[in-house]
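Read through the structure below, which is laid out as structure tokens, and then see the notes.
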Amino acid sequence: MPPRSSWKGHLRFSLVSLPVQAFNSAGSDEGEVRFHQLHAECHSRIRYQKVCPIHGEVSNDEIVMGYEYAKGQYVIVDDDEVDKLRGTGERAIDIEAVVKPEDIDPLYFEGRTYYLLPDGPMATKTYAVLLEALKARNGWAVGQAVMFGREHLVVLRPIEKILCLELLHYAGAVRKPEAVLENLSLPPVSKEELRLATKLIEASTRKRFDIERYKDTYNTKMRELIAAKVEGKEIVGPPEREEPPVINLMDALRQSLERVQEPKKASAPRAKPTKRKRSGRRTA
């Protein structure tokens, strides 16, 4: 069954406009182990209720949104008033600039990614032209978008045959590194320390990053634990791995470098032994 779109609207770039739809890139992990909160005494499920301290439990239609502008003082803002603020830009992505990928620090990525597709066959041509143009210029499109009820800063980046939409933090919402550097004092780095660390990085560098190599083992181990608990088995943890004693940073760098290089040496093809040519002479 194809996934349902999370959002539909228009993508606008100057006078170019096309209907688009967004699909959440994060698929539901059906194998994820989820826990419920229970009462420790009777193991009943814990329920959450919306309660007014004066009137007790209330229903959703009795709840309004308020902003506390002073201690205990609220101003009520209803949905109609919020809709008026959104204006004509509702459900639209407006591209305002095209930048190089290195111009956007990953620090600003909010962590929500959507696949942006054309909505309907009439939009495919315009979508294809924008996609190929961004790929040709190695560009990312930055813009403002009204999505999911509020305004967002977004970036569109082409990946193969599709546009990915990333939500970004606004600059004012990101704590700058300078805010935590006040008490940081870095010691000098020796040439030998830098040489060993550089060698370790070089030995650990891969020509191609294959994310498929990395598997989430947490859920597997958790399911095994649950199955053992259901069967009444005793839970035994794995033996602790003994780490070689490290005296100082230089020893840690040397031992780390050796550990990284060992698998490469083991997998290196061995040279085939050369066959000696037999002499024509025969000994008596």
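The values are calculated or read from the model by the stated rules, or taken from the named source; none is laboratory data. As the structure is a prediction and not an experimental result, all values here were calculated from the model. In this analysis, Cβ positions are derived from the backbone assuming ideal geometry, glycine residues included, and neighbour counts consider all displayed protein chains. Areas reflect the complete protein model, heavy atoms only, side chains present, ligands, DNA and RNA absent. Shrake-Rupley method; radii C 1.70, N 1.55, O 1.52, S 1.80 Å.
Here's how it looks for V142: its modeled amide H is under 5 Å from those of E96, A97, V98, V99, L156, which are all 5 or more places away or on a different chain.
In the range 115-164, a dipole from Cβ-located charges (positive for Lys and Arg, negative for Asp and Glu) runs towards its positive end, and of P121, V154, A141 it is A141 whose Cα lies farthest in that direction. Whole-percent P(r), the range 85-206, all Cα pairs, 5 Å bins from 0: 2, 9, 14, 16, 14, 12, 10, 8, 7, 5, 3, 1, 0. Counting only Cβ charges, +1 for Lys and Arg and -1 for Asp and Glu, the dipole size of the range 6-58 around its Cα centre is about 300 debye. The share of C-alpha pairs in the range 133-261 whose separation exceeds 26 Å stands at 66 percent. Just so you know, the Cα atoms of the range 1-156 work out to an Rg and Dmax of 21.7, 65 Å.
Once the 1.4 Å probe is applied to the protein heavy atoms, the range 1-66 comes out at 88 Å² accessible per residue. Of all the accessible heavy-atom surface of the range 1-160, with the other protein chains kept in place and a 1.4 Å probe, what percent is carbon and sulfur? In the range 1-160, the share of accessible area belonging to carbon and sulfur is 53 percent. Between E234 and E160, residue separation times 0.36 nm minus the direct Cα-Cα distance comes to 21.6 nm.
Distance between the C-alpha centres of the range 184-210 and the range 11-28: 41 Å, rounded to the whole angstrom. Translational diffusion of the range 1-64, estimated by Stokes-Einstein from the Kirkwood radius over alpha carbon pairs at 10 °C in a medium of 1.306 mPa s, is 91 µm² per second.
With R₀ fixed at 45 Å, the C-beta to C-beta distance from R223 to D105 puts the FRET efficiency at about 0.70.
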